[in-house]
Structures are given as C-alpha cells and as structure tokens.
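*Asks:* For reference, the structure I am asking about is given below.
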Amino acid sequence: MNVGTLLILPLLLLAMVTPLSAQSGWRADAALVDSLSGGEFIYDEEAVPEYTLPDPLRKSDGSRITEPEEWEARREEILELFRENVYGRRPGRPDSLWFETLEVDRQALDGAATLRRIAVHSRVEDRHHSFELLLFLPNGVLGRTPVFLLLNNRPRTNTDPTRQERSGFWPVEEVIDRGFGIAAIQNNELAPDDSLTYRNGVMQLFEGVAAGERETDAWAALAAWGWGASRAMDYFETDPDVDATRVAVLGHSRGGKAALWAGAEDPRFSLVISNESGEGGAALARRRFGETVKRITTSFPHWFAPRFAEYADRESNLPVDQHMLIALMAPRAVYVASADEDLWADPRGEFLSLAHASPVFALWGNAIVREDQMPGLEQPVHFGRLGYHIRRGAHNLTPYDWMRFLDFAEYLWR
Ligand code: GTR
C-alpha cells in the first residue's frame, strides 16, 4: 500500500460509517481497522470483493428444492462436497468401542454436581486408542439433563476437573448453576494440533503408522476432533442421566470450526455452537476478509483435507461456502458468536453465513434472516432456530458467550 492510500484510508472508513451503521447494528471499529489494514489482508468492508454464493437449495441437477422432504437428498450432496473439498472423509464408529469409568464424584462442587471422568476406548484390528471425556451433571435433577460439550483446543488447565484452576473458557460452576450439564474432550488426544504429529492420534487407529502421501480428501485434525465428539455422544446415549436428544457441541476458533463440522457429520447433536470460528468455520470464504484460504492452509495444513489448499486465492471456485456448512444443521439449531475486535475471524462474514443459511431453515417455517439484521454489540438475537451475538472485546470464549448459549438453549428447550 502506498502513502496516498494510507492517508486516504481513514477518510474512506469515515465515509463507510453512515451507510454501514444504517444497514446493521455493527461495523468494524475504524481505529482498529486502520491499525490492521497495512498488510496483505482485507480489514475493511469496502475492499471485500464482489461475490456470488452457491445456492444451498439448488441441487446439482439444477432444480431448486422447496419442500422439507427434499432436503435430505440435497444435504447429502452438500456434505459430500465439504468432505471432498474442505474437511476430508472421516471414518465411523470403530470395530469396538467401550467406556471405562475412571472416577465418579457425587459431591463435586460442594455437592452441587456429579463429576464423571470416562475413558473412551476404541479398537481397530490390533490397534487401540483412548481419550478422556469429562462430564459434570447437576445433582438433584429429576430426569435427564441436556449437556454442552466443549471441544477444548486450549491447554488442559482450562478444563480442570478438580476445579482448582477455574477458567472462563469452561465455566463449570455457572453452567451447573443454571441446571445444564457440561462436558469436555481434549482435541490433542484425538489429533495433536501440529502439522508434523497430527496423525499420531486417532488417525493411527484407522490407518496404522502414518506413511506417504495423503489422499486429496483424507481427513485431518478438524475432522478427527469432531470424530471424538461423536464418540462422546455414543457415551451420552448410554448414560441414563444425560438427555442425549439435547446435546450441544461447541468450540472456540479452531475448536469452533471442528464443532461445526462435527454437527454436520453427526445429526445427533441438536444444537451446534460456533464461537469466533472464522475462516474454515462460520465465516464466508468468498469475502476474503481477515484470514483467507491461502493463509489458513499455509499456517495450518493439518486442519483440512489436502484438496482445500487448491482454493487458495480461488475462493470463488469452491463448490460450497460456509453458509452451506451451517445449512447442513437444518432443521436442528445453530448459534454463531463473534467478537468485535476479532476481525481476523470476520464477524460480519460469520453473521452473513447464518443469514444465507436461513432459507434452508425456512423450509420448516423458520424466519429468513436478512443481511441487514446483524445486531449491535451485545444484543443477542434468536431468529427461530438460529441465534447470534457479537460481544465486545478480543478473540476468546468467555462466560458472557456461554451464558448467551444457555439463554438460547433455554429458549429452544424449555
Ligand atoms: C489462528 C487461526 C484461526 C483460529 C485461531 C485459534 O491462528 O488463524 O483460524 O483458528 O488461530 O484457533 O485461536
């Protein structure tokens, strides 16, 4: 960028203020945008290229579906496109799967909850894999309890079952207080988050010791983390205290991308929550705002099927965009959350995905979400089975976000 452009940028941003704020309750903060826009990445609405999104309701034969009964076949087409081009193909349940109770503490949180630590074991041929599932359920509840399952992409100290360390990333006490169960798995136990070692987890269970080139549609870390979520769901279905028909899967950032793909691959999750998942998650790739396909497949090649990297700088050639990932959840429920300083994740692109997924949910009578309905800061909205908020502050998963997810679940389920 030359000096002239740099000088003119703040003026351009000022000019943007009126039309954009009239259009939506939120716009990128001008000062922040100004400080970020010197590099190769797009941080201002004016620079977003024109794009046309693929229509989630138009089948590959060119016809357009209008009835809920037609969705399943179209959904299968979209799922295949995402497997082939973005996340890869993950295996199903292993030959043998069993659960071992490592600990039960009926007096956790001073008697307010029961803690279970479960080892989830899998065997394929002579290979074995296991990972741990943490679950707190409120005590004194009649009947089964809905559960929020976090795919933890942060260090294990964020999900400390002893509660000596408390983190807003997994606010057990607050969630139990509101009568919900809360669970977590550690992504690293399924696939280490590292491009050299990511195959040393559950991929080894299915493939043996990793060797050689990967297929263009091979599964990768995001799919492996989501596979773990499905095995956790297998456990929930066996636990008489859990309401397996009301399990929400959620994650933050890379964990949010994995949660969305987990919900797409496994329709048993009745609520799917993305917190600031950005590129490869809720944000529309064609906007090229903040992180891009090129950047993410260069920094994190181990998250996606190898084919995805071929769309670097060619986003408009993708047969899908991320609104179709959200649409795969229909007619279940989806909540998307953004943060105003997290421009790397493209808050507006995350909201627009939800809006452009809404015509699919409308097959069941859900409201259509319009582009101009993006709410202002900390004004959560529930559009039927779709929910959204944008929080003040930086890239993180906080108790504020959790409480809004619980509000949405109460509105859906109570
Ligand atoms: C970033 C990455 C994002 C997001 C984030 C995170 O470095 O570019 O896509 O996933 O990490 O997981 O916090």
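*Asks:* Just one of (1) under 21 Å from ASN396 (Cβ atoms); (2) more than 16 Å from the ligand (Cβ to nearest atom) trips up TYR235, so point out which.
*Replies:* Unmet for TYR235, out of (1) under 21 Å from ASN396 (Cβ atoms); (2) more than 16 Å from the ligand (Cβ to nearest atom): (1).
*Asks:* Are any residues in the stretch 27-55 under 12 Å from ASP346 (Cβ atoms) and part of a loop (DSSP other than H, G, I, E, B), and if so, which ones?
*Replies:* Matches in the stretch 27-55: ALA28, PHE41, TYR43, ASP44, VAL48.
*Asks:* Is it fair to say TRP225 is of a type in the set (Phe, Trp, Tyr) and within 16 Å of the ligand (Cβ to nearest atom)?
*Replies:* yes
*Asks:* A further question on this structure: Can you tell me which residues in the stretch 267-321 are within 16 Å of the ligand (Cβ to nearest atom) and of a type in the set (Val, Ile, Thr)?
*Replies:* ILE273, THR292, VAL293, ILE296, THR297, THR298
*Asks:* If ILE296 satisfies all but one of (1) at pLDDT 95 or above; (2) farther than 20 Å from ALA184 by Cα; (3) over 16 Å from the mean Cα position of the chain (by Cα), what's the number of the condition it fails?
*Replies:* (3)
*Asks:* Here's another thing I want to ask about it. Using the structure shown, decide if PHE383 is surrounded by fewer than 24 Cβ atoms within 10 Å (Cβ to Cβ), at pLDDT 95 or above and of a type in the set (Phe, Trp, Tyr). Spell out how you get there, then give the answer.
*Replies:* Working: surrounded by fewer than 24 Cβ atoms within 10 Å (Cβ to Cβ): yes; at pLDDT 95 or above: yes; of a type in the set (Phe, Trp, Tyr): yes.
Criteria met by PHE383.
*Asks:* For a quick check of your reading: which helices (runs of 4 or more DSSP H) sit entirely within the stretch 167-207 and have at least 1 residues that are in contact (Cβ under 8 Å) with a residue 12 or more places away in the chain, of a type in the set (A, V, I, L, M, F, W, C) and within 27 Å of ARG144 (Cβ to Cβ)?
*Replies:* 172-177, 187-190
*Asks:* Okay, moving on. Could you tell me whether any residue of the stretch 188-198 is out of contact with any Lys or Arg (no Cβ under 6 Å at 6 or more places or on another chain), under 30 Å from TRP413 (Cβ atoms) and either within 16 Å of the ligand (Cβ to nearest atom) or modelled with pLDDT under 95 (or both)? Let's see the steps before the verdict.
*Replies:* We begin by selecting, within the stretch 188-198, every residue out of contact with any Lys or Arg (no Cβ under 6 Å at 6 or more places or on another chain); these are 188-198.
Remaining after also requiring under 30 Å from TRP413 (Cβ atoms): 189-190.
Among the residues that remain, those that are also either within 16 Å of the ligand (Cβ to nearest atom) or modelled with pLDDT under 95 (or both) are: 190.
Looking through the stretch 188-198, at least one residue is out of contact with any Lys or Arg (no Cβ under 6 Å at 6 or more places or on another chain), under 30 Å from TRP413 (Cβ atoms) and either within 16 Å of the ligand (Cβ to nearest atom) or modelled with pLDDT under 95 (or both).
*Asks:* Would a scan of the stretch 396-411 turn up a residue that is over 18 Å from the mean Cα position of the chain (by Cα), within 26 Å of SER167 (Cβ to Cβ) and part of a loop (DSSP other than H, G, I, E, B)?
*Replies:* No - not one qualifying residue is present in the stretch 396-411.
*Asks:* Please state which one of HIS395, HIS389 is closer than 20 Å to GLU341 by Cα and surrounded by fewer than 19 Cβ atoms within 10 Å (Cβ to Cβ). So that I can check it myself, show each step before the final result.
*Replies:* Details: HIS389 fails: surrounded by fewer than 19 Cβ atoms within 10 Å (Cβ to Cβ).
Step by step, each of HIS395, HIS389 is checked, and only HIS395 is closer than 20 Å to GLU341 by Cα and surrounded by fewer than 19 Cβ atoms within 10 Å (Cβ to Cβ).
*Asks:* Against the conditions (1) touching a residue at least 12 places away in the same chain (Cβ under 8 Å); (2) surrounded by fewer than 24 Cβ atoms within 10 Å (Cβ to Cβ); (3) within 10 Å of the ligand (Cβ to nearest atom); (4) more than 19 Å from LEU397 (Cα to Cα), where does SER253 fall short? Just the number, please.
*Replies:* Tallying (1) touching a residue at least 12 places away in the same chain (Cβ under 8 Å); (2) surrounded by fewer than 24 Cβ atoms within 10 Å (Cβ to Cβ); (3) within 10 Å of the ligand (Cβ to nearest atom); (4) more than 19 Å from LEU397 (Cα to Cα), SER253 fails exactly one: (4).
*Asks:* Being small (Gly, Ala, Ser) and more than 22 Å from HIS356 (Cβ to Cβ) is the filter here; which residues of the stretch 377-412 pass it?
*Replies:* GLY393, ALA394, ALA409
The values are calculated or read from the model by the stated rules, or taken from the named source; none is laboratory data. Being a predicted model, the structure only gives us computed values, none of them experimental. Positions of Cβ are generated from backbone atoms using ideal geometry, with glycine treated the same way; all protein chains shown enter the neighbour counts.
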